[in-house]
Protein chains: 2
Amino acid sequence: MARLVMKFGGTSVANVERIKNVARHVKREIDAGHEVAVVVSAMSGKTNELVAWCRDTAVLYDAPEYDAIVASGEQVTSGLLAIALRDMGIAARSWQGWQLPISTDDAHGSARILSVNGDEIVRRFGAGREVAVIAGFQGIHEPSGRVTTLGRGGSDTSAVAVAAAIRADRCDIYTDVDGVYTTDPRIVPKAKRLDKVAFEEMLEMASLGAKVLQVRSVEMAMVHKVRTFVRSSFTDPDAPELKTAGDPPGTLICDEEEIVESEVVTGIAFARDEAQVSIRRVPDKPGIAANVFVPLADANINVDMIVQNISAEGHTDITFTVPTADFERAKAALAAVKSEIGFETIEGATDVVKISIIGIGMRSHAGVAARAFKALSERGINIRAISTSEIKISVLIDAAYTELAVRTLHSVYGLDA
Amino acid sequence: MARLVMKFGGTSVANVERIKNVARHVKREIDAGHEVAVVVSAMSGKTNELVAWCRDTAVLYDAPEYDAIVASGEQVTSGLLAIALRDMGIAARSWQGWQLPISTDDAHGSARILSVNGDEIVRRFGAGREVAVIAGFQGIHEPSGRVTTLGRGGSDTSAVAVAAAIRADRCDIYTDVDGVYTTDPRIVPKAKRLDKVAFEEMLEMASLGAKVLQVRSVEMAMVHKVRTFVRSSFTDPDAPELKTAGDPPGTLICDEEEIVESEVVTGIAFARDEAQVSIRRVPDKPGIAANVFVPLADANINVDMIVQNISAEGHTDITFTVPTADFERAKAALAAVKSEIGFETIEGATDVVKISIIGIGMRSHAGVAARAFKALSERGINIRAISTSEIKISVLIDAAYTELAVRTLHSVYGLDA
């Protein structure tokens, strides 16, 4: 007997038929003797419809009202799934965020979960093996008594938070793909599904994983050590391989201790939504970095890769990346302090891509970066900037080389299936 | 300055444009210096969609889950209206049933309101003239913490209950007609709008009024003496006549003391959904009525008109009406106890209509019934049964004569415009 959280996204609950299919997935786990809490998203398309109504009503709509409106989507699917389960003879009831409660801060539209009270869920596991069907993506700001939402994709975070609260053995994220891949299979057909990924790796693979799992849910899973399993909701719920004791197809995101032998490189990620900014001929004196980056922080612009060249003739060049959406604002923020910083020109490019090589095995292996630089150089790909962490090497290159670079690195590190 | 509750039904909030129109109605009252609480229904069609999803998921769906699902409709419109009001510069926030709370019993799907806490609404009137936008039709069963709904048309009841809780001067029911008429204008084009109707009359006019106002909301208005004003939401919110101090077009449902001179007859109502049951040659002895009606009560069948003929040869005939939907069940319930009661035959008819003549003035006027009987007789309309109360005379006739009878009585009592 295990205690499971099962999370189903919008495409998995898109209509009544699919909700009944989800109920069969839940029944399989109940029949196997497990205790189950389910977290559901809104029917796909429903949240967009609700958001459009808010926007049509007022350009500057009130965030708490937006939350009250948008939270209704998950409310409906949680009720429908509870009905479907009861119709199969399984004890079940729905829970809205305010009912458990799932307590959040008051950052309406992108609230953070402060705590989840799972006591009643666990009590009902014991009392009548009742399945808790929880509306994802939502919570309550208790001091004001108002409904909050966690922001797009927040249902993953809800699921992990519930799993932590009830000390679940595993949090199963059912989605429209069957796991996490070494890279995007649309670019590299030879990409293969990973059986296990360490929390830290998954965080770095955010740009890959975003389609599969929200970054914040991975952070929360890492902090609370919630074993999170990404699997497909579009398989037959009663397929024989899902009823055996063995591991079903999918990717387990877990503590690295659970990964017996780590690959040096686990995957290749890429992000197209960063832009490059370079400021030329900055006087090289102490405090210059602060002069450049404080105005950007004040403007709430996230800076990612930072490269500063060696000084020449008392001047230096500084290159960094920002989200493409903030590119113009970043240039404007720096132009406003040009005389204070004393640089000569600002240059920039949006047709760039950040390619990342990720793997916890990197920590104990030398020469990983060198192999990447050599391979890219042999293909004539120019590296504009480099940044590294303990388990990641990122390079900024021209966007035109994205596919070539990803395929090259995927092959170089032996990831091809 | 007055304190108002404004209630808008599904057709009045059917889409974003109409919700903005509702906001203009609210702004007019705020500009006039009034304190305003608004109660809204779901967008028209939305509740039906949600109910259909429940039914598609399971034939026997769980009532508490149904309530959680269906309540989402009003949640959305209350949020959107709050957004529209704020966009016009009016302080406003939405309230779901569980937030005030509107406390109900646990009869999910047709819950009764136990109490409404209006303290916070009133406090915010004082603090910042904030408009309370309340999701109608829903409440919370506090012991279980679960969402309840009041049953179809329950938003009228929510509005009256809120008006009672905050001691509103008036509860304005905005709807798709501009008031209560002396009879159905589709049958009698000369029907005229009533300026004032007493609570007791409105209750009796339920079959007329059902299209305008739920019976339960009238009962609650009567008990708490909530002056309830039925008016149109499809007028221009900024029409000059709505901005004058005079009474806007509509019908006020109020205490009879407020009606200076009552008409003898206020209106002619009719109900097509009753069926006639007659049991022939029942032995006429004490307790026979109980023998007949206890089995019907046990079967939860409402009996309306009851007529017992004068005994002949120790036997009598008993005629009564039941809702058409219960007709077959009523006959079966009686057939089951035929030997105990000892009657000869059961007869029945569903092609009948109950016509009612209603007016509080009737109490102090003689001969009202006689005029009806004479007029119907002159048109060759046979009366199958009669029942009367202090302020109402009802006759049961063949359904084929519905229009003729209604027009005749409307004219006889001087109601034609």
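Please work out the Cα center distance from the stretch B:366-390 to the stretch A:359-399, rounded to the nearest Å. The stretch B:366-390 and the stretch A:359-399 have Cα centres spaced 98 Å from each other.
Adding -39500 (n - 2.57) for every DSSP H run of four residues or longer, then dividing by how many residues the protein assembly as shown holds, sets the calculated 222 nm ellipticity at -10000 deg cm²/dmol. All other residues with a Cβ under 14 Å from the Cβ of residue A:318 taken together, and with Lys, Arg as +1 and Asp, Glu as -1, what is their net charge? It works out to a net charge of +1. GNM on chain B, alpha-carbon springs under 10 angstrom: the most fluctuating residue among B:122, B:352, B:337 is B:337. For the stretch B:261-417, the solvent-accessible area of protein heavy atoms averages 48 Å² per residue (probe radius 1.4 Å; ligands and nucleic acids excluded).
Semi-axes of the equivalent ellipsoid for the stretch A:170-308, computed as √(5λ) from the eigenvalues of its C-alpha gyration tensor and ordered from largest down, come to 39, 16, 14 Å. Checking the cross-link pairs B:20/B:243; A:196/A:243; B:331/B:392; B:243/B:354 against a 30 Å limit on the alpha carbon distance flags B:243/B:354 as lying beyond it.
Within the listed set A:54, A:254, A:171, the Gaussian network model of chain A (springs between alpha-carbon atoms below 10 Å) gives the highest mean-square fluctuation for A:54. Between A and B, roughly 3200 Å² of accessible area is buried in total, ligands, DNA and RNA not counted and the probe set to 1.4 Å. Taking 7 Å steps out from each Cα toward its Cβ at residue A:307 and residue B:324 produces label points 8.2 nm apart. If I fit a long axis through the Cα atoms of helix A:288-298 and take the longest principal axis of the Cα atoms of chain A, what angle between them do I get, 0 to 90°, rounded to 10? Once rounded, one gets 30 degrees. Putting +1 on Lys and Arg Cβ atoms and -1 on Asp and Glu Cβ atoms, find which of A:223, A:116, A:179 reaches farthest to the positive end of the dipole of chain A. The one lying farthest along the dipole's positive direction is A:179.
Cα centroid separation, the stretch A:319-351 to the stretch B:160-226: 66 Å. Annotation for the stretch A:136-210: trypsin sites (Lys or Arg not before Pro) lying in DSSP loop with at most 16 further Cβ atoms inside 10 Å of their Cβ are A:152, A:167, A:186, A:190, A:192. Count Lys and Arg as plus one, Asp and Glu as minus one, and take only other residues whose Cβ is under 9 Å from that of residue B:390; the net charge is then +1. For the stretch A:3-256, a simple Cβ point-charge model (Lys and Arg +1, Asp and Glu -1, everything else neutral) yields a dipole of about 480 debye relative to the Cα centre.
Of all aspartates and glutamates in the structure, those lying under 19 Å Cα to Cα from residue A:285, and not within fewer than 8 positions of it along the same chain, are A:313, A:317, A:340, A:344. Accessible-area loss of 50 Å² or more (1.4 Å probe, protein heavy atoms, chain alone versus all protein chains) is found in the stretch B:45-64 for B:53, B:57, B:62.
Probing with 1.4 Å while keeping every protein chain in the model, the per residue accessible area of the stretch A:3-256 equals 36 Å².
The GNM of chain B, with springs linking C-alpha atoms under 10 angstrom apart, assigns the highest mean-square fluctuation among B:354, B:46, B:374 to B:374.
Our note on the geometry: Cα centres of the stretch B:1-79 and the stretch A:272-311, 51 Å apart.
Can you tell me the 0 to 90 degree angle between the C-alpha axis of helix B:16-31 and the longest principal axis of chain B, rounded to 10? Helix B:16-31 and the main axis of chain B meet at about 80 degrees. Working value for the stretch B:52-131: equivalent-ellipsoid semi-axes of 30, 18, 6 Å, each the square root of 5 times a Cα gyration tensor eigenvalue, largest first. I need the fraction of alpha carbon pairs in chain A separated by more than 37 Å, rounded to a whole percent. So the portion of pairs separated by more than 37 Å is 33 percent.
The alpha carbons of the stretch A:261-417 stretch over 54, 29, 28 Å along the principal axes, in descending order.
Summing charges over all other residues whose Cβ lies under 13 Å from the Cβ of residue B:87, with Lys and Arg as +1 and Asp and Glu as -1, gives +2.
Within chain A, the longest run free of exposed loop sites, counting GluC sites (Glu not before Pro) that sit outside DSSP helix and strand states (H, G, I, E, B) and have at most 15 other Cβ atoms within 10 Å, spans A:1-260. Percent of Cα pairs in the protein assembly as shown per distance bin of 20 Å, from zero to the largest separation: 13, 33, 30, 15, 7, 1, 0.
Per the 1.4 Å probe, what fraction of the accessible area of the protein assembly as shown, in percent, lies on carbon and sulfur atoms? Carbon and sulfur atoms account for 49 percent of the accessible area of the protein assembly as shown. Between 0 and 90 degrees, the angle of helix A:368-378 with respect to the longest Cα principal axis of chain A falls at about 60 degrees.
With respect to the axis relating copies B and A by rotation, the chain B residue whose beta carbon is closest, plus that distance in Å, is B:72, 2.
The reciprocal of the average 1/r between distinct C-alpha atoms defines the Kirkwood hydrodynamic radius, which for the stretch A:107-156 equals 12.2 Å.
The values are calculated or read from the model by the stated rules, or taken from the named source; none is laboratory data. A quick note: this is a predicted structure, and the numbers were derived from the prediction, not measured. Don't worry about glycine lacking a Cβ; one is built from the backbone with ideal geometry, like all the others, and counts go over all protein chains shown. Accessible surface is based on the protein model in full, side chains and every heavy atom, while ligands, DNA and RNA are left aside. Shrake-Rupley method; radii C 1.70, N 1.55, O 1.52, S 1.80 Å.
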